[in-house]
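Colleague: Here it is, the structure, as structure tokens.
The values are calculated or read from the model by the stated rules, or taken from the named source; none is laboratory data. Not measured: the values here are computed from a predicted model. As a convention, Cβ positions derive from the backbone with ideal geometry for all residues, glycine included, and neighbour counts pool all protein chains shown. The area values use the complete protein model at the heavy-atom level, side chains included, leaving out ligands, DNA and RNA. Shrake-Rupley method; radii C 1.70, N 1.55, O 1.52, S 1.80 Å.
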Amino acid sequence: MAIHCSRICLQYLIHLAQDNVDFRLPEIRSLLSLRGKPFDPGENFKEKSPFWLLNGLSEEDVNSIMARTVCAKSAFELWGHGRTHSELRNTLLKYPTENMSPFLQKDSTYKINVYTFNKTLEFEDRIKKIDAMEYLSFEGRVNLRNPKHIFCLLEDYGTDPNDIPDEPLYIYFGRWIADGQRELIRSHSVKNRHFIGNTSMDAGLSFIMANHARVKAHDLVYDPFVGTGSLLVACSHFGAYVCGTDIDYNTIHGIGKASRKNQKWRGPDENIRANLRQYGSEKLYVDVLVSDASKPIWRDGVLFDAIITDPPYGIRESTRRTGSQKDSVKPSEDYIGDSHVPVSMAYHLSDIFTDLLNFSAQHLVIGGRLVYWLPIYRPEYCEEMVPLNACLRLVSNCEQTLSSHTSRRLITMEKIKEPEVASGYDWLFLYTAHKLLNHIFYGK
């Protein structure tokens, strides 16, 4: 089990959080692709495991991932691993001395942490495990408060809390590189946000969506169903300029009834811009508009680096578009009267997703990504239900279970080509796809 590597080609261990498990792999893949690196896992890779071994990366690559990920807790330069402490010792003794020596010098300080997954150890047991590693030639001084180097012994006791083995299933030892951005989930919690609504997106999922979309500094990101702007907050954190539209006049202007408990009406400065100001990213706020997502308001051509959105499903927020339930009578040209405020009518889910994909195909840059939520009825779901577009490649499809029968899937698509002028055959395909979506959602 010897590890043959050099300082420029090492193996790294990623310790992942065990929430939003289905979203972890697409997030890490997306962040690696920003560096132009493939996802190259070690042997015996298990997607649901809390520990992943990654090959072919530099420490700079790892730091770049950890500076953004909310799915990973920590990353380590792997020095040794095995199923038993004896195997761990053998791999550590075979690890190249030139890779270890820069961190074991006499003038350095260090500490060793012991982390156990799915099991709690007494303090005395942790000390015994650290003392048992005396075969490593640490020459520096121990400094528990502010060490120059941190090492970690990690033991994996499986994922079943009802069946915890006496001995670990696998053991790892390595040098700590960096922690992930799990703190963003707390610091950006909607509980502490200035402006929220009934459907404000959870902070953790907002950052996951931004990472799936590969949002980066100086990008222009658009949310066509912007609501209270949770997704704009996450994207602006990574340096992107943000804008959005929504059909709800009150939400866009921050007026009307409040969503908070014990608060009847929204305050004078409860709006999306105030949310970005709260997190120090107001300078990245472009604007938000009252607009109907089913109506074209943008000039032709590519405009956005990413489109990230949470369309309304008609549960807590209704699906609406402007229009009339009956044919309107066009007034005479010389008619002078009050300006018309259009009424809203039902906006079917099949139409929402058809319009969204067509809009993205028209207005995303090549390589730009569309990330959106698709609600499904689990007993009848199949992959063929995911809407497709010839200009967009499906990158990932992750499930968030809501109940035994319902869930929503986070769909990530990437634009691969510009749309062509539709031929008669293309229109027939679009019409057939539209009818299929109507059958899926409404049984029509």
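Colleague: Placing +1 at every Lys and Arg Cβ and -1 at every Asp and Glu Cβ, with all other atoms neutral, what dipole size does region 97-239 have around its Cα centre, in debye to the nearest 20?
Modeller: Details: 16 positive and 19 negative charges, 160 e Å.
Here region 97-239 has a charge dipole of around 760 debye.
Colleague: What is the Å³ per residue value for the convex hull set by the Cα atoms of region 1-131? The partial results should precede the final answer.
Modeller: Numbers: hull volume 17.7 nm³, N = 131.
So the per-residue Cα hull volume is 135 Å³.
Colleague: Carbon and sulfur together cover what percent of the accessible area of region 1-91 at a 1.4 Å probe radius?
Modeller: On the way: 1880 of 3780 Å².
Taking all protein chains in place, region 1-91 shows 50 percent carbon and sulfur surface.
Colleague: For region 161-320, build the charge dipole from Cβ charges (+1 Lys, Arg; -1 Asp, Glu) around the Cα centre, then report which of LEU276, PHE238, GLY180 sits farthest towards its positive end.
Modeller: LEU276
Colleague: Too long at a 23 Å Cα-Cα cut-off: which of LYS257/LYS295; LYS106/LYS148; LYS73/LYS148?
Modeller: On the way: LYS257/LYS295 27 Å; LYS106/LYS148 12 Å; LYS73/LYS148 20 Å.
From LYS257/LYS295; LYS106/LYS148; LYS73/LYS148, over 23 Å: LYS257/LYS295.
Colleague: Quote the charge dipole size of region 164-323 about the Cα centre in Debye, to the nearest 20; the model charges only the Cβ of Lys and Arg (+1) and of Asp and Glu (-1).
Modeller: Details: 20 positive and 18 negative charges, 111 e Å.
For this selection, approximately 540 debye.
Colleague: Please work out the average accessible area per residue across region 217-262, using the 1.4 Å probe convention, and give it in Å². Intermediate values should be presented prior to the final figure.
Modeller: Details: 1760 Å² over 46 residues.
With the other protein chains kept in place, region 217-262 gives 38 Å² per residue.
Colleague: With +1 assigned to the C-beta of every Lys and Arg and -1 to the C-beta of every Asp and Glu, and no other charges, what is the dipole magnitude of region 123-180 about the Cα centre in debye, to the nearest 20?
Modeller: On the way: 7 positive and 12 negative charges, 122 e Å.
It works out to roughly 580 debye.
Colleague: Same structure again: How much accessible area per residue does region 78-215 have, counting only protein heavy atoms and a probe of 1.4 Å, in square angstrom?
Modeller: 52 Å²
Colleague: Moving on. Quantify, in whole percent, the carbon and sulfur part of the accessible surface of region 202-311 (1.4 Å probe; protein heavy atoms only).
Modeller: On the way: 2390 of 4660 Å².
Solvent-exposed carbon and sulfur of region 202-311 make up 51 percent of the total.
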